[in-house]
Amino acid sequence: MTLKVENLVGGYSQVPVLKDISFEVKQGQLVGLIGLNGAGKSTTIKHIIGLLQPQKGKITIDGVSLKTSPQVYKQKMAYIPETPILYEELTLKEHLELTMMAYCLETKQAWEKANKLLKTFRLENKLDWFPANFSKGMKQKVMIVCAFITEASLYIIDEPFLGLDPLATKDLLDLIAQKKTEGAAVLMSTHVLSTAQEYCDSFVMIDQGQLTAKGNLADLRQQFSAPKASLSEIYLELARVGERNA
Amino acid sequence: MLNLWNERQSAHQRQMFKYLRYVFNDHFVLALLFIFGGLGLGYSNYLKSLPLHADYFYAKPLVALILVVTLQVGNLATLLKSADIVFISPKQAEMPSYLNKAFNHSLLFAWGFDILVMLCLAPFLLYATTFTSIQLIYLGLVVLSLKYLLLKRQYLALYQHKFAQLSYKLLLDVFFSLLICLGALYFNGLYFVLITAALGIYVERMVKQIQTQEVFLWEVAIANEQARMLVLYRFFNLFTDVPFLQAAAKRRKYLDRFLPRPKPKHPYHYLYWRALVRNGEYSDLIIRLNLLGAIILYFVHEPWLAFLVSILFIYMLGFQLMALYRHFDEIVFTHLYPVTEKQKLQAFQRVLQVTLGISALLFAVINSLQTNTWLLGGEIAVVLFLEIIGLTGPYLKSRLGKRA
């Protein structure tokens with residue numbers, strides 16, 4: 001299961017935000033998408049999930065692109081947005097049912113998974129409520145549960161840690177680790193660099209719409225010729241360079 | 001802070017005028033003229049039929065009741081906004097001057113209303129009881145001071161939770177008001193003017209004291225103001241679209257059993273029905289148009305007019321419900337589901353057909369009941385079903401095509 005982004009040029013209008021970005025997320029890998037505010041992380045994610053069309057370049061999951069077979073492409077992917085997005089009119093239970101319907105999941109099996117996840121995130125007694133009235137952290141948990149009951153092989157997770165309590169953060173990281181061993185690929189954008197350094201297998205760093213560095217921590221250290229630097233130090237260095245160029 | 005109040009107030013007035021233009025459109029003004037004209041005529045005829053100073057036993061309690069009910073009209077308008085909790089809370093100490101402005105403004109408005117009520121009740125009191133005009137003036141003064149006290153209670157509730165409690169509200173707004181009104185009606189009104197005035201001075205001092213000792217309850221104040229505005233917006237929403245009105249979804253659990261169960265591959269069928277039933281905007285629209293249509297049809301005697309009205313109402317309902325098609329477009333997941341646009345359209349057509357079909361049946365049945373023959377009802381049903389097929393088929397597609 002591989003996500004391949006090749007020479008992606010794109011953005012919201014004719015003026016491209018992303019300039020020639022290429023990277024890969026391989027099976028069993030957690031890749032951190034890292035960059036300052038406005039660097040182009042969310043734009044990249046929007047292209048991958050298909051909200052924006054690439055102006056140039058190609059995005060494929062296992063060789064399948066959104067253009068050639070949209071249903072297959074969408075079936076393979078699950079997405080957790082940065083800000084929780086919920087249906088005003090649906091209860092928590094109905095959110096789960098809807099996800100099962102949309103992705104044609106086998107109901108019994110999916111509910112088994114769902115119940116386990118609901119218990120993990122302490123939502124099991126809120127099934128009949130409207131999650132639109134939950135707190136930010138709890139809404140985020142609903143997003144996580146909905147994404148992880150699918151049988152997706154690619155998970156796109158946009159800044160998941162804000163608003164989550166430490167216990168839920170750990171549970172989410174465990175879930176990601178489990179999906180990795182099952183062979184899924186995960187792309188996660190985040191600003192929580194200590195967590196990223198600890199858990200991500202490799203990194204994609206973006207600045208002003210351009211790819212500035214990629215690879216695992218050892219590669220990055222070599223690239224910035226800072227053998228002992230932490231991810232956070234490399235990131236700050238990158239930001240400084242970017243500012244000088246701006 | 002006084003500048004802020006003035007700015008807020010003029011912005012608020014501009015907004016209200018904008019909406020009032022929609023409320024008082026030509027048809028509505030005409031209807032109001034007729035209604036008030038009719039009511040006024042009926043009232044004056046009733047008064048003329050009464051012997052002077054008849055002193056009916058029910059007159060005074062009735063007036064007291066009307067006064068207590070009308071006293072509840074008009075709330076403290078603070079015009080606070082939810083962002084104020086961040087931006088203005090540093091100016092905590094200057095809040096009293098802002099609130100006093102707000103209070104005075106609200107009081108003037110409420111007094112205007114109360115004076116109107118008193119003017120309407122005055123002839124009744126003079127005819128149906130032994131009231132003299134000086135007693136009438138005393139009663140008026142008592143009502144105005146009561147309104148002052150009730151608004152001050154709302155003011156105090158912005159500093160102390162206990163003033164917002166239901167028991168307090170019932171005790172002060174209802175029970176105390178009723179007692180004072182009855183007192184002013186049955187005994188010498190002058191005493192009660194003095195009592196309420198003395199209470200007013202006492203409450204005024206209490207407010208000053210509480211303002212120096214207690215913390216302004218921002219969240220309560222903002223929630224109150226939002227609830228107040230919501231009532232206004234709901235009213236305006238009957239006449240035009242109010243963008244501020246995000247009708248919160250209602251659970252309506254008792255309707256769950258009628259909603260479609262989850263069925264693989266049909267997420268939109270599931271979604272649209274739930275939005276239709278639980279989203280206030282759509283359910284209100286359906287109820288409103290069906291009720292209005294049914295009532296009009298019941299009073300229409302001309303068959304051709306009945307046809308026209310039913311066709312028009314089905315069209316209005318279908319036309320306005322078409323917004324539901326894009327109701328979920330803001331939710332990114334609907335773009336991510338492995339579901340085609342065609343499935344979405346089919347589900348929507350189905351939902352629309354069933355909803356309009358039920359209305360068509362309702363209209364047909366009303367027509368049959370009204371004409372006492374099934375013939376007209378049957379004809380209307382056939383015509384309406386043809387209309388629905390056209391609306392949900394070619395018409396819907398052309399409209400969606402235009403906007404895409």
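Of note:
- Restricting attention to segment A:163-199 and to residues that are assigned to a loop (DSSP other than H, G, I, E, B) and within 28 Å of residue A:135 (Cα to Cα), the residue that is farthest from the chain's Cα centre (by Cα) turns out to be A:165.
- Residue B:48 vs. criteria over 30 Å from residue B:13 (Cα atoms), out of contact with any strand residue (DSSP E or B) (no Cβ under 6 Å at 6 or more places or on another chain) and of a type in the set (Lys, Arg): yes
- Residue A:147 being within 14 Å of chain B (Cβ to nearest Cβ), free of Cβ contacts under 8 Å to residues at least 60 places away in the same chain and aliphatic (A, V, I, L, M): no
- Wholly enclosed helices (runs of 4 or more DSSP H) of segment B:178-278 bearing at least 3 residues within 14 Å of another protein chain (Cβ to nearest Cβ) and of a type in the set (Phe, Trp, Tyr): B:267-278
- Subset of segment B:150-169 (residues that are at pLDDT 90 or above and either in a helix (DSSP H, G or I) or more than 31 Å from the chain's Cα centre (by Cα) (or both)): B:150, B:151, B:152, B:153, B:154, B:155, B:156
- Residue list for segment A:60-95, restricted to those being over 15 Å from residue A:149 (Cβ atoms), touching a strand residue (DSSP E or B) at 6+ places or on another chain (Cβ under 8 Å), more than 10 Å from every other protein chain (Cβ to nearest Cβ) and of a type in the set (A, V, I, L, M): A:61, A:66
- Any hit, segment A:234-241, residues being aliphatic (A, V, I, L, M), more than 20 Å from the chain's Cα centre (by Cα), more than 16 Å from residue A:41 (Cβ to Cβ) and surrounded by fewer than 18 Cβ atoms within 10 Å (Cβ to Cβ): yes
- Qualifying residue in segment B:210-221 (condition: of a type outside the set (D, E, K, R) and over 15 Å from residue B:157 (Cα atoms)): no
- Of all residues making up segment A:216-233, the number that are without any contact (Cβ under 8 Å) to a residue 24 or more places away in the chain and touching a Phe, Trp or Tyr at 6+ places or on another chain (Cβ under 8 Å): 3
- Each residue in segment A:105-127 was checked for being free of Cβ contacts under 8 Å to residues at least 24 places away in the same chain, assigned to a loop (DSSP other than H, G, I, E, B) and at the interface with another protein chain (Cβ under 10 Å from one of its Cβ atoms), and 1 of them qualify.
- Comparison of B:376, B:352 shows that the only residue that is touching a residue at least 40 places away in the same chain (Cβ under 8 Å), surrounded by fewer than 18 Cβ atoms within 10 Å (Cβ to Cβ) and in contact with a helix residue (DSSP H, G or I) (Cβ under 6 Å, 6 or more places away or on another chain) is B:376.
- Scanning segment A:45-59 for residues that are without any contact (Cβ under 8 Å) to a residue 40 or more places away in the chain, facing chain B (nearest Cβ under 8 Å) and surrounded by 17 or more Cβ atoms within 10 Å (Cβ to Cβ) returns a single hit, A:50.
The values are calculated or read from the model by the stated rules, or taken from the named source; none is laboratory data. Just so it is clear, the model here is predicted, and its values are computed rather than measured. Note that each Cβ is placed from the backbone with ideal geometry, even for glycine, and that neighbours are counted across all protein chains shown.
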